[in-house]
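This report refers to the structure that appears directly beneath it.
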Amino acid sequence: MHRESGVHTHRAWTWFVPTALMALATGCGGAGREETPAGGDGTGTSPVASTPSEPPSTPLQPEAGVPPRVQPWFHRLGGPQDDTGTGLAVDGRGDIAMVWLSTPREDEDRESVPGQRRGLTLAKYGPDGAERWARDFSRMRVASPRVAASPSGEVFLSGNAFLYPLDFGLGAATDGFLLKFSGEGQPLWQRRAGQKVHGMAADGEGGVLVTAEEWTPEGPVPVLAHHDAQGAFLWTRQLDRVDPGTRLHALALAPSGRTLLAGRLVGALTVDGRAFGSVGGRALLLLAFERDGRLAWGKELRGVDGDVTGLRPERDGGVVLVGELRGPLTWGGSRLSGSEAFVLAAGPDGAERWAQPLVCDTQPASPTVALDDAGQVVAVCGGTLSAYEPEGAQRDQRTLSPGECPEGGCPVAGTTLDFVPGQGFTLVGHQRHGGSSAGSAWDQDAFLRLLAP
């Protein structure tokens, strides 16, 4: 079902298993779609009606009087090249914005194949999995593309043009770039965010926050900036120069309007007169900034060597973080040791709440996290999904089943997770087909899927 343009979608359905996380780990499949050109630099698509596949021979029937459950769905996206879903965001209407990369096979173990391509695809889907639109940008070398979504439906795209300027329809995008698209996928404005851009979060008024860095002869300088709906600065600030290896990349916007920034600090850093870290040392750092960019509070775990790869605010002003450790961590009365992933929660002022180890499988992917409207914490690391109560008790742990896998063995790795109100958790990542990960014939496709409520 691969198309010449390199985009391939597959939709399917499963019968709901009445255990929440059994449904979260269920694979799906179904019907495809046709495409019609939309003109300009991108392509548009029109969804066609999908119908559920035939039920299994012994379906699980819902109980009498119980309303029907949300049906999980799955899209396989890509072509003969390697494709990876890298970004995901849900807007206020439940629509899902996503971005994926297409890269020709360039490893030593596999030969080039006809039709492979390089590019970036930005798309939007409805909460039911129906495609709203897709814009395909060919022949682009982009590092770390991400998306954010305004409540009203506009889409933000960020990434790093590390070899040459890129054109998304508004002229040359250079270095770490930031673009805003309308809810229908038309480019509105673009800005240079820094030498590299690392994180992004949309606000409730059509604006966006970014975390980036500028390079100086003395070392990198972290940058925070808040743009309004037209792209003008609401505020921006450069922090002090930091030592190489510092990775203050995880960013979120709290319900209070505060900016949350977290990551790895190497050496010492002073922010608004508050000292963090130590010369020659390492720490995990969590900072909160007021609406005007002033420091509200900061929390550090000095001596901890690791990274923060995901950050989600809680309704009460707290925050949940996921990341990776290279040594011990003590938090909220728990001690995590060894090289492992983690999930932890902090209170509105950085107070310690709870911490848990996070299980990962062998598929390479950094941990990602999301919260549902009841405060349940769900994290994905590679192809392993873990769920926790708001107070930190682990509810379940599952291996994600592949979607649409006729080969019988398709390793899955999730890269970004978000929550669709009234539907469930949605996930992007990549899935390998056509052989083991160590073989020479496999193909990697991006995916977008609704896991389940």
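Assess whether Ala250 counts as being surrounded by 22 or more Cβ atoms within 10 Å (Cβ to Cβ), in contact with a Leu (Cβ under 8 Å, 6 or more places away or on another chain) and closer than 27 Å to Phe419 by Cα. It would help to see each step written out before you state the result.
Working: surrounded by 22 or more Cβ atoms within 10 Å (Cβ to Cβ): yes; in contact with a Leu (Cβ under 8 Å, 6 or more places away or on another chain): yes; closer than 27 Å to Phe419 by Cα: yes.
So Ala250 passes the test.
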#### Entry: Output for region 208-253, where each listed residue is part of a strand (DSSP E or B), farther than 20 Å from Asp272 by Cα and of a type outside the set (A, V, I, L, M, F, W, C)
Thr216, His227
### Task
Taking Thr216 as meeting all but one of (1) among the β-branched types (Val, Ile, Thr); (2) surrounded by 16 or more Cβ atoms within 10 Å (Cβ to Cβ); (3) modelled with pLDDT under 95, write down the number of the exception.
(2)
### Query
In region 71-98, what count of residues is obtained for those that are surrounded by fewer than 24 Cβ atoms within 10 Å (Cβ to Cβ), more than 15 Å from the chain's Cα centre (by Cα) and in a strand (DSSP E or B)?
1
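Counting only residues that are of a type outside the set (Gly, Ala, Ser) and surrounded by fewer than 21 Cβ atoms within 10 Å (Cβ to Cβ), how many does region 221-238 have? Step through it out loud before you land on a result.
So in region 221-238, the residues of a type outside the set (Gly, Ala, Ser) come out as 221-224, 226-228, 230, 233-238.
With surrounded by fewer than 21 Cβ atoms within 10 Å (Cβ to Cβ) added as a condition, the list becomes 221, 228, 230, 233-238.
Residues meeting the conditions: 9.
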### Query
Which residue out of Pro127, Pro151, Pro165, Pro104 is open to solvent by 50 Å² or more (accessible area, probe 1.4 Å) and either farther than 21 Å from Asp228 by Cα or among the charged types (D, E, K, R) (or both)?
Pro165
### Total residues in region 182-207, condition assigned to a strand (DSSP E or B), more than 11 Å from Ala148 (Cβ to Cβ) and not charged (D, E, K, R)
8
### Summary
region 283-400: strands (runs of 3 or more DSSP E) wholly inside it with 2 or more residues that are open to solvent by less than 10 Å² (accessible area, probe 1.4 Å), among the hydrophobic types (A, V, I, L, M, F, W, C) and touching a residue at least 40 places away in the same chain (Cβ under 8 Å) are 319-325, 341-346, 368-371, 377-381, 384-388
### Message
Checking Ser256 against (1) in a strand (DSSP E or B); (2) among the small types (Gly, Ala, Ser); (3) open to solvent by 60 Å² or more (accessible area, probe 1.4 Å), only one condition comes out false. Which one?
### Response
(1)
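Checking the condition over 22 Å from Arg237 (Cα atoms) and at pLDDT 95 or above, which residue from Ala355, Ala275, Ala262 passes? Walk me through how you get there before you give the answer.
Values: Ala275 fails: over 22 Å from Arg237 (Cα atoms); Ala262 fails: over 22 Å from Arg237 (Cα atoms).
Step by step, each of Ala355, Ala275, Ala262 is checked, and only Ala355 is over 22 Å from Arg237 (Cα atoms) and at pLDDT 95 or above.
Residues checked against (1) over 22 Å from Ala123 (Cβ atoms); (2) open to solvent by less than 30 Å² (accessible area, probe 1.4 Å); (3) aliphatic (A, V, I, L, M):
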| residue | (1), (2), (3) |
| --- | --- |
| Ser158 | no, yes, no |
| Ala172 | yes, no, yes |
| Gly183 | no, yes, no |
| Leu188 | no, no, yes |
| Gly194 | yes, yes, no |
| Gly206 | no, yes, no |
| Ala212 | yes, yes, yes |
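The values are calculated or read from the model by the stated rules, or taken from the named source; none is laboratory data. Since we're looking at a predicted model, the values are computed, not measured. With ideal geometry, Cβ positions are generated from the backbone for all residues, glycine too; neighbour counts draw on all protein chains shown. Keep in mind that these areas ignore ligands, DNA and RNA; they rest on the heavy atoms of the full protein, side chains included. Shrake-Rupley method; radii C 1.70, N 1.55, O 1.52, S 1.80 Å.
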